[in-house]
Amino acid sequence: MKIQLVRHATLWIEYGGHTFLVDPMFSDTGANPPIMNSGNERRNPLLPLPDKMQNWINPDVILVTHLHLDHWDAPAAQILAKSLPVLCQPGDSGAFTEAGFTDIREIGESAEFGSVTLYRTGGQHGTGEIGARMGPVSGFVLQAEGEPALYIAGDTIWCAEVQEALDTFKPQVVVVNAGGARFTGSDPITMDAADVATVAVSAPGSRIVAVHMDAINHCLVTRELLREHLAVAGLLSRVDIPEDGQWIDLE
């Protein structure tokens, strides 16, 4: 298995003999407005792609955790071949049909793609009214013979659903969406530094990969802040914090 962080939550994963493009966001720097009610007016994305978009447009399959625009945007919908298989959570297929994709597979509990079995997991994209307004989100666990189990947690805070996924699947690799995204006056809607540390403590046999930072204006926990928090907690060696474009070899 190899994982490349493209930018934010966009991943290129080589797993079980297949290439997965996860949560593609291909917008140019500053092409999109700031997230509303976020306390600043920086336009999104804050950073460019680390290389030409063409490097990531020919996967075997697209995996989309949910439909927020920082996980599935108009440039991705336009440039990716409409014949590519799209795996998504229940209820999201209409957006891909509308965009012209012809092979859309909603994953209820589990699904097969070639040699890979995918299991859908739950999460909480925030708490209280904000969490409810953010809508349903999913994570996915990938398993294949000869590969470590991979858990892509998706846009969630630390919650019972994440604990359940760790306990049930015992993944060797866990990708968490950090950044502590939040609205003014709200609790975080993605994992902050304390949540990432909790994942590391709760999954002592797992290698943690933290992404989803420095690219969207309401993600206030930067890579630098996360490293500082984990260093103080004695957990920095347990968590990979890749830069955009960086490969993580997990053989």
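The values are calculated or read from the model by the stated rules, or taken from the named source; none is laboratory data. Since this is a predicted model, take the numbers as computed values, not measurements. For neighbour counting, all protein chains shown are included, and Cβ atoms are generated from backbone atoms with ideal geometry for every residue, glycine included. These accessible areas exclude ligands, DNA and RNA; they are computed on the full protein's heavy atoms, side chains included. Shrake-Rupley method; radii C 1.70, N 1.55, O 1.52, S 1.80 Å.
Side notes on the structure shown:
- As for the stretch 17-29, it holds at least one residue that is out of contact with any strand residue (DSSP E or B) (no Cβ under 7 Å at 6 or more places or on another chain), touching a residue at least 60 places away in the same chain (Cβ under 8 Å), of a type outside the set (A, V, I, L, M) and not in a strand (DSSP E or B).
- Among residues of the stretch 103-112 being in contact (Cβ under 8 Å) with a residue 12 or more places away in the chain and part of a strand (DSSP E or B), the one that is least open to solvent (accessible area, probe 1.4 Å) is Ala111.
- For Thr184, the stated conditions hold: it is open to solvent by 10 Å² or more (accessible area, probe 1.4 Å), closer than 17 Å to Thr127 by Cβ and among the β-branched types (Val, Ile, Thr).
- Residue list for the stretch 25-43, filter: on the phi < 0 side of the Ramachandran plot and open to solvent by less than 50 Å² (accessible area, probe 1.4 Å): Met25, Phe26, Ser27, Pro34, Ser38, Asn40
- A residue that is surrounded by 18 or more Cβ atoms within 10 Å (Cβ to Cβ), touching a residue at least 12 places away in the same chain (Cβ under 8 Å) and either in contact with an Asp or Glu (Cβ under 7 Å, 6 or more places away or on another chain) or among the basic types (Lys, Arg) (or both) occurs nowhere in the stretch 51-61.
- Among the residues listed as Asp92, Asp103, the single one being out of contact with any Cys (no Cβ under 8 Å at 6 or more places or on another chain), closer than 18 Å to Thr19 by Cβ and not hydroxyl-bearing (Ser, Thr, Tyr): Asp103
- In the stretch 62-102, residue nearest to Val175 (Cα to Cα) [restricted to those that are in a strand (DSSP E or B) and among the aliphatic types (A, V, I, L, M)]: Leu63
- Of the residues making up the stretch 187-221, just one is among the β-branched types (Val, Ile, Thr), in contact with a Phe, Trp or Tyr (Cβ under 9 Å, 6 or more places away or on another chain) and open to solvent by 10 Å² or more (accessible area, probe 1.4 Å), namely Thr198.
- Pairs are defined by a Cβ separation below 7 Å, a sequence spacing of at least 6 or placement on different chains, a first member in the stretch 141-156 that is without any contact (Cβ under 8 Å) to a residue 40 or more places away in the chain, and a second member that is surrounded by fewer than 22 Cβ atoms within 10 Å (Cβ to Cβ) and charged (D, E, K, R); the pairs so defined are Ala149/Lys170.
- Among the residues of this structure, Ile79 does not count as one that is under 19 Å from the mean Cα position of the chain (by Cα), modelled with pLDDT of 95 or more and either surrounded by 13 or more Cβ atoms within 10 Å (Cβ to Cβ) or hydrophobic (A, V, I, L, M, F, W, C) (or both).
- Members of the stretch 1-16 that are open to solvent by 10 Å² or more (accessible area, probe 1.4 Å) and not in a loop (DSSP other than H, G, I, E, B): Lys2, Gln4, Trp12, Glu14
- Residues in the stretch 113-133 that are among the polar types (S, T, N, Q), under 21 Å from Glu14 (Cβ atoms) and part of a strand (DSSP E or B): Thr117 only.
- In the stretch 138-147, the condition of being hydrophobic (A, V, I, L, M, F, W, C) and open to solvent by 20 Å² or more (accessible area, probe 1.4 Å) is met by no residue.
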